[in-house]
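Student: Sharing a structure here in structure tokens format.
What follows draws every value from the coordinates through simple rules; no lab data is involved. Quick caveat: nothing in here was measured; it's all calculated off a predicted structure. So basically every Cβ, Gly included, is an ideal-geometry build from the backbone, and we count neighbours across all protein chains shown.
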Amino acid sequence: MTSTDSPSRRALALRAVRVGWTLVVVMAPALLVGLARWALTGREAGLRHVYRRGTVLLVRLGPTFVKAGQVLGTRRDVLPPALCAELSVLQDEVPPMDRAGTDRALAEAFGAEFDDLFNEVDRTPVASGSVACVYRGRLRSGREVALKLRRPGVERVMGQDLVLLRRGARYAAKLPPLRGVPVTEVVDHVADAVLGQLDFAREADALRRLRANLSAVPRVWVPLVHPDACRPGCIVMEFIDGLETGTADRCSQATRRRFGVSALTAVYQMLFVDGFVHCDLHPGNLYFTTSGQVVVLDAGFSVLLTDRLRRLFAEFFMNMAVGRGDRAAEIVVESAAGLKDDADLDGFLARMADLVRRSHGLPAKEFSLVGFATEMFDLQRAHGVHAAPELIFPLLSLLVIEGTIRALDPEVDFQEAAKPVLVKGLFGAKGRRAPTERDGLPSELL
């Protein structure tokens, strides 16, 4: 079955029963305990327990729900911040496939072609996730490669789960507390993001595109894809040896600062210049080498912005970087997915402008992207302005990477570092005019 096939009614019914039973077993006790804590220690304590058990529920339900939870955890514009905080800690690491599972996955991916393509493949995975495992191998040409091999059957189960999620969203959208909230739109974007991580042909194309785009950023390395060896169930790419999460900790402070500059510039290049954005640069997808390079892996969660949205995102960040709050607030409204019937547009514009001006005045070490985004989403939710999901996901790439960059260079100025790339994105090859003083840019950038 492919991700485009429709599950049978029987398969959906059986999966729905399993999901429903797990929901009852996990959440019924959670609600009772949550109510007790609410009564004894307050509303926040009760909700926090329910949110935490809800995260456990997603893990029990499997990879579809874990990945959906990870994406939903970014939607602070429509979900309570405390729930998003719990969802942000979701981990989808699972035990690797055994030898039999690996052999089956290789047979499904390559069939009789396997011996023609590879000299050898080590059956012990070097990395494991809920959708795929990664193995070390060698092509017939002698080149060492990494094989990202999809788990057998995962596409079928995730396809069923996404149908259930979409149907559930349609019913949930009719409930009084959720009226006016873009439930179905949010779930559709979540489902598309999850499906994108199942589409290995799409991910291979994304890796090739990122490798070409990020070649403009010094010291950034995206592995080379070997398209002739790739198959729908396996991506074959260059093997990069010695990748460890603690490499940066063993480097000098000067090298760590270079890591931070390269990683941040890479994200800005994606956001403001190319419009093709890797949205999942957590520490498992972003590595550093002892030779001073930044390695970007796993492009399954990538989005392509329209040129209009890319420019709006860049213009918003530029106006934020120079403290032009009124224009930044207008851009948020221009890019919004919609407004509630009772939206307080004037109130939102005034408070959003104030947030930008306050953030611009903060010293670099006191400015937090996560804090800024959280307050912005709170304002949008309170005043009835629905953020465009197409912009939420790219913003996620910045929010995910902020902690890593801060650890590398605590003094980094996110707003100042963006200015040269913003000029390139707005007024370079993709732009249509030269910058002027009306754009509010500092004189040294004109």
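Student: State to the nearest 20 debye the size of the charge dipole of region 109-224 about its Cα centre, where the only charges are +1 on K and R beta carbons and -1 on D and E beta carbons.
Tutor: 320 debye
Student: Which of the listed residues, Leu408, Ala418, Phe367, is farthest toward the dipole's positive end in region 302-445, when Lys, Arg count +1 and Asp, Glu count -1 at the beta-carbon?
Tutor: Ala418
Student: Treating the beta-carbon of each Lys and Arg as +1 and of each Asp and Glu as -1, no other charges, what is the dipole magnitude of the chain about its Cα centre, to the nearest 20 debye?
Tutor: Rounded to the nearest 20 debye, it is 760 debye.
Student: Below 28 Å, Cα to Cα, which lysines can Lys424 reach? Residues fewer than 8 away in the same chain don't count.
Tutor: Here the lysines satisfying the reach criterion relative to Lys424 are Lys365.
Student: Farthest toward the dipole's positive end in the chain, which of Ala30, Pro63, Val163, given Cβ charges of +1 (Lys, Arg) and -1 (Asp, Glu) about the Cα centre?
Tutor: Ranked along the dipole, the leading option is Ala30.
Student: Also, quick follow-up: Using Cα pairs closer than 8 Å and at least 6 residues apart in sequence, work out the relative contact order for region 302-445, in percent.
Tutor: After rounding, I find 31 percent.
Student: Once the mean 1/r over all distinct Cα pairs of region 1-52 is inverted, what Kirkwood radius in angstroms do you read off?
Tutor: This gives a value of 13.1 Å.
Student: Determine which lysines satisfy two conditions relative to Lys340: a Cα distance under 21 Å, and not lying fewer than 8 residues away in the same chain.
Tutor: Within the straight-line cut-off, Lys340 pairs with Lys174.
Student: Right, another one. Treating each Cα of region 176-281 as an identical point scatterer and ignoring solvent, apply the Debye formula and state log10 I(q)/I(0) at q = 0.10, 0.13, 0.19, 0.21 Å⁻¹.
Tutor: With one equal scatterer per Cα and no solvent, log10 I(q)/I(0) is -0.43, -0.67, -1.10, -1.21.
Student: Given Cβ point charges of +1 (Lys, Arg) and -1 (Asp, Glu) and nothing else, what value in debye, to the nearest 20, does the dipole of region 302-445 about its Cα centre take?
Tutor: So the magnitude is around 500 debye.
Student: Sticking with this one: Which three extents, in whole angstrom, do the alpha-carbon atoms of the chain cover along their principal axes, largest first?
Tutor: The principal-axis extents, from largest down, are 64, 55, 40 Å.
Student: As a test of the formula, what do you get for the chain when each DSSP H run with n ≥ 4 contributes -39,500 (n - 2.57) and the sum is divided by the residue count, at 222 nm and rounded to the nearest 500 deg cm²/dmol?
Tutor: -17500 deg cm²/dmol
Student: Next question. With the calculation restricted to Cα positions, what are the radius of gyration and Dmax of region 124-249 in angstrom?
Tutor: Reported Rg and Dmax, both Å: 18.8, 62.
Student: How long are the three semi-axes of the equivalent ellipsoid for region 80-190, computed from the Cα gyration tensor as the root of 5 times each eigenvalue, in whole Å, largest first?
Tutor: 40, 16, 11
Student: Using the Kyte-Doolittle scale, find the helices of the chain whose mean hydropathy is at least 1.0 and whose Cα atoms extend 24 Å or more along the helix's long axis, counting only whole DSSP H runs.
Tutor: Span-like helices in the chain: 9-41, 389-408.
Student: Please label the shape of region 261-303 as rounded, prolate or oblate, based on the square roots a ≥ b ≥ c of the eigenvalues of the alpha-carbon gyration tensor (a/c under 1.5 means rounded; beyond that, a/b larger than b/c means prolate, else oblate).
Tutor: oblate
Student: Sticking with this one: Using only C-alpha positions, report the orientation-averaged shadow area of the convex hull of region 302-445, nm², one decimal.
Tutor: Average projection, Cα convex hull of region 302-445: 8.9 nm².
Student: With equal scatterers on the alpha carbons only and no solvent term, can you work out the Debye log10 of I(q)/I(0) for region 359-418 at 0.15, 0.17, 0.30 1/Å?
Tutor: -0.50, -0.63, -1.30
Student: Which of the peptides 99-108, 150-159 is most tightly packed, and how do the rest follow, judged by the mean count of other Cβ atoms within 10 Å per residue?
Tutor: Output ranking for 99-108, 150-159: 150-159, 99-108.
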